[in-house]
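**Student:** One structure follows; several queries about it will come next.
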């Protein structure tokens, strides 16, 4: 009881705020991350979700029950610990705690130890234990960077005159293509999980001028690449009276803002992840811009030099290897614009100078990370949009409301979508998007 009373006496703080309490006694609430022992000294390392701190326990300076409780602790046991904060530049975070009291909330039993140990585990094992893997130092750092990217995205649009509008998740028809939809029974009708909020925020842009949405989207692509998830999060701005050049400028300002925000607020997490920060420090607008035709020339030259195995066929959309090759040539995001209209979505405005091209742009992240943003100027003509709907064999009745946007006060407008997970993968320097979201949904993964 005495040890418990001491725990309650000191003010509760987080590990990330220990620097504010140098020389003071505080209480932290968290879990045992690791333990080192040297004779009559214990060195427990605690985590609380905001960081790590090493504790120092001297046997003859604490009550026997405190020593015994700590000595018997197992990895990931939950504890409340009290001690004096002391600056030490050798310690993680620059501070240590001289532990004087501890309360064990739940001790992980010896006969069923925490399954993720310091030894090397395979990816399949770690994904099966994703609910526990997120506690590791690196994975927690990735999730904090993800949260910073999301906050930066919201701040950017909120501070630049955009209004957040929420599109539905259940939709009656496709946005990108019928082959990548997840069908859902909706009472007596069939509905689909949304591929994008774009069509709906085109409507709210006509009401509010500048809008954005942020929410989950779903693609039923049977893809196993390192860039694909079946469920992911998208931020999508849409701007009335905007054309392609306007949203290209918006996209580069947006990305530059996000990177600067993460560098300013999550630099320590990037170090924990092992990111080369110097490469991120080079990211600033304006970004290089090339046409689809120029990008194809790069691919053909790469094939001729033996740097690419297959020759790219003009008129196709770029695949992941193509995007990787092109984007790896630049030290900042690359904007590729004016793709062939036949490989792009039905709602993209044709280039008046060459109607075979769409007024669209893909933003490819550097270091071979590929597309993180896709956007376009939208078709403005009612007649052309109706023709496109029919050409793509889309149900006219389901798109009547979308066609109305061109019938009643239609204006030039444009927008784009950025997948949060791909942005996280690039900014964190990750090999696979499965680590960019707390619980990844992939072609063959629905657990946990």
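What follows draws every value from the coordinates through simple rules; no lab data is involved. From a predicted model like this one, the values you see are computed outputs, not experimental measurements. Using ideal geometry, Cβ is built from the backbone for each residue, glycine included, and neighbour counts are taken over all protein chains shown.
**Student:** In what order do 441, 388, 90 fall by count of nearby beta-carbon atoms within 10 Å, going from fewest to most? Write down the numbers at each step before the final one.
**Tutor:** On the way: 441 14, 388 19, 90 7.
Listed from fewest to most nearby Cβ atoms, that is 90, 441, 388.
**Student:** By count of other Cβ within 10 Å, fewest leading, how are 273, 326, 99, 150 ordered?
**Tutor:** If I rank by nearby Cβ atoms, fewest first, I get 150, 273, 326, 99.
**Student:** Over its Cα atoms, what ratio of radius of gyration to 2.2 N^0.38 Å does the chain give?
**Tutor:** My calculation over the Cα atoms of the chain gives 1.18.
**Student:** Determine, from the Cβ-Cβ distance of residue 446 and residue 403 and an R0 of 25 Å, the FRET efficiency 1/(1 + (r/R0)^6), rounded to the nearest 0.05.
**Tutor:** Values: r = 37 Å, r/R0 = 1.48.
Here the calculated transfer efficiency is 0.10.
**Student:** Averaging sequence separations of C-alpha pairs under 8 Å and six or more residues apart, then dividing by the length of segment 71-203, give the relative contact order as a whole percent.
**Tutor:** Numbers: 126 pairs, mean separation 19.6, N = 133.
Dividing the mean separation by the residue count of segment 71-203 yields 15 percent.
**Student:** Sticking with this structure for a sec: Using only Cα atoms, figure out Rg for segment 154-223 and give it as a multiple of 2.2 N^0.38 Å. Don't jump to the answer; show the numbers that get you there.
**Tutor:** Details: Rg = 13.9 Å, N = 70, 2.2 N^0.38 = 11.1 Å.
My calculation over the Cα atoms of segment 154-223 gives 1.25.
**Student:** Follow-up. Can you give the angle from 0 to 90° between the axis of helix 137-158 and the longest principal axis of the chain, with both taken from C-alpha atoms, to the nearest 10?
**Tutor:** For 137-158 against the chain, the angle is about 50 degrees.
**Student:** Calculate the radius of gyration of the Cα atoms of segment 2-106 to one decimal place, then report Dmax, the largest Cα-Cα distance, as a whole number, both in Å.
**Tutor:** Both quantities, over Cα of segment 2-106: 12.0, 32 Å.
**Student:** Using 0.36 nm per residue of separation minus the Cα-Cα distance, give me the extension gain between residue 268 and residue 222 in nm, one decimal.
**Tutor:** Length difference between fully extended and current span is 12.9 nm.
**Student:** Let me ask something else about it. Which whole-angstrom value gives the distance between the alpha carbon centres of segment 377-435 and segment 225-245?
**Tutor:** Result: 9 Å between the Cα centres.
**Student:** I would also like to ask the following. Any chance you could give the angle, 0 to 90 degrees and rounded to 10, that helix 198-208 forms with the longest Cα principal axis of the chain?
**Tutor:** The answer is roughly 90 degrees.
**Student:** Could you work out the relative contact order of segment 2-106, using alpha carbon pairs under 8 angstrom and six or more residues apart, expressed as a whole percent?
**Tutor:** RCO, segment 2-106: 31 percent.
**Student:** Mean residue ellipticity at 222 nm from the helices of the chain, using -39,500 (n - 2.57) per DSSP H segment of n ≥ 4 over the full residue count, to the nearest 500 deg cm²/dmol?
**Tutor:** -9500 deg cm²/dmol
**Student:** Here's a follow-up. May I have the extent of the alpha carbons of segment 259-307 along their three principal axes, as whole Å values ordered from largest to smallest?
**Tutor:** Sorted largest first, the three principal extents are 42, 25, 12 Å.
**Student:** Which value in nm describes the separation of the simple spin-label points at residue 367 and residue 131, placed 7 Å from the Cα toward the beta carbon?
**Tutor:** 3.3
**Student:** Another question, if that's okay. In Å, what Rg and Dmax follow from the Cα atoms of segment 20-82?
**Tutor:** Final numbers for Rg and Dmax: 11.4, 32 Å.
**Student:** Rank these for me by crowding, 272, 50, 194, going from fewest to most other beta carbons within 10 Å.
**Tutor:** Lowest to highest Cβ neighbour count: 50, 272, 194.
**Student:** If you fit an axis through the alpha-carbon atoms of helix 382-391 and take the longest principal axis of the Cα set of the chain, what angle between them do you get, 0 to 90°, nearest 10?
**Tutor:** So the helix axis and the longest Cα principal axis differ by about 80 degrees.
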